[in-house]
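One structure below.
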Amino acid sequence: MPTAPLPASPDPTAGPSHVAIIMDGNGRWAKARGLPRVAGHRRGADAVRRVVRGAGELKIPMLTLFAFSTENWTRPADEVSDLMGLLRHYLRSEIEELHRNGARLRVIGNRGGLADDIVRDIADAEQRTHANARLDVNICINYGARDEILQATRVLARKVAAGDLPAEAIDEQRFERELLTAGMPDPDLVIRTSGEQRISNFLLWQCAYAELVFVDTLWPDFGKEHLEQAIAEFRRRERRYGGVG
Ligand code: FPP
């Protein structure tokens, strides 16, 4: 028996309301040109700007980008440092344009592992844009879905152990309230670039019914037209949520 009402019948012209993207292929983009990996990440940051602008123009209400995973710390120290530098730069340099365009920026991930100045920049960016409502932009930094689910489980387990929450009261809605995405709609469409076909510990709970679209384009080459193509593919899909359509 489903614990929540099933979503309404699929409408081929509707949505997606929430697009999430696994940005992949920066390293290969750079390698193909004989450049250091950081050059691919820099061009990847340019693609982020293009796609955020494109999402606004296409009137997508929510865009979530996977920028740095809990597993990315295992990369060479100089690459981690380059990526953190790009994120720091993005948070400082883009916030005005995001704000002017009515975007609300939120960062999803474990802030405990981030440098203090980045944590401050995140708080400033979120605070500055919190009242905007035209486009939600979520950036996943130091994010891992298993880690997120374990944290939520621990919080609930402590409440149960303390006698503050009956175990039977933990349903999907209650569980979601402890996730880092509490209050956000689930992604309807997940795009992964670069030809890889994996979910890589990204929003595992939230993507339960997402449509997955894998594209060969490397992230630094991705733009608004690729986003439109992925959305067209999404609209051709019939979403059944386990029913029969
Ligand atoms: C995957 O490509 C990409 C990343 C791990 C980082 C994504 C970061 C950016 C796009 C730049 C900064 C982000 C923002 C929001 C400004 P890869 O390095 O794994 O590529 P490969 O598989 O070809 O080696």
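Ignoring lysines fewer than eight residues from residue 59 along the same chain, the ones with Cα atoms less than 28 angstrom from its Cα are 224.
Computed from the Cβ-Cβ distance with R0 of 35 Å, the FRET efficiency linking residue 74 to residue 241 stands at 0.45.
Which semi-axis lengths, in whole Å and largest first, follow from the square roots of five times the eigenvalues of the Cα gyration tensor of region 142-245? Show your work: numbers first, answer last.
Working: eigenvalues 222, 57, 20 Å².
They are 33, 17, 10 Å, listed largest first.
The Cα atoms of region 103-179 define a convex hull whose projected area, averaged across directions, is 6.4 nm².
Near residue 164, once Lys and Arg are set to +1 and Asp and Glu to -1 for all other residues with Cβ below 15 Å from its Cβ, the sum equals +3.
Taking chymotrypsin sites (Phe, Trp or Tyr not before Pro) in DSSP loop states with no more than 14 other Cβ atoms inside 10 Å as exposed sites, the chain has its longest site-free stretch at 1-208.
So if I average 1/r over every pair of distinct C-alpha atoms in the chain and take the inverse, what Kirkwood radius in Å does that give?
On the way: mean 1/r = 0.0524 Å⁻¹.
Over the chain, the inverse of the mean reciprocal pair distance is 19.1 Å.
Amide hydrogen proximity for residue 21: with H placed 1.01 Å from N in the peptide plane, the residues at 5 or more positions away or on another chain lying under 5 Å are 64, 65, 66, 191.
The amide H of residue 165, built 1.01 Å from its N in the peptide plane, has 160 as neighbours under 5 Å, considering only residues 5 or more places off or on other chains. If only the Cβ of Lys and Arg carry +1 and only the Cβ of Asp and Glu carry -1, the dipole of the chain around its Cα centre is close to 360 debye. Only one residue of 145, 112, 131 has its Cα farthest out toward the positive end of the dipole of region 87-164, where Lys and Arg carry +1 and Asp and Glu -1 on Cβ, and that residue is 145.
Every number in this text was worked out from the coordinates using simple rules, so none of it is lab data. In this text the structure is predicted, and so the values were computed from the model without any measurement. For neighbour counting, all protein chains shown are included, and Cβ atoms are generated from backbone atoms with ideal geometry for every residue, glycine included.
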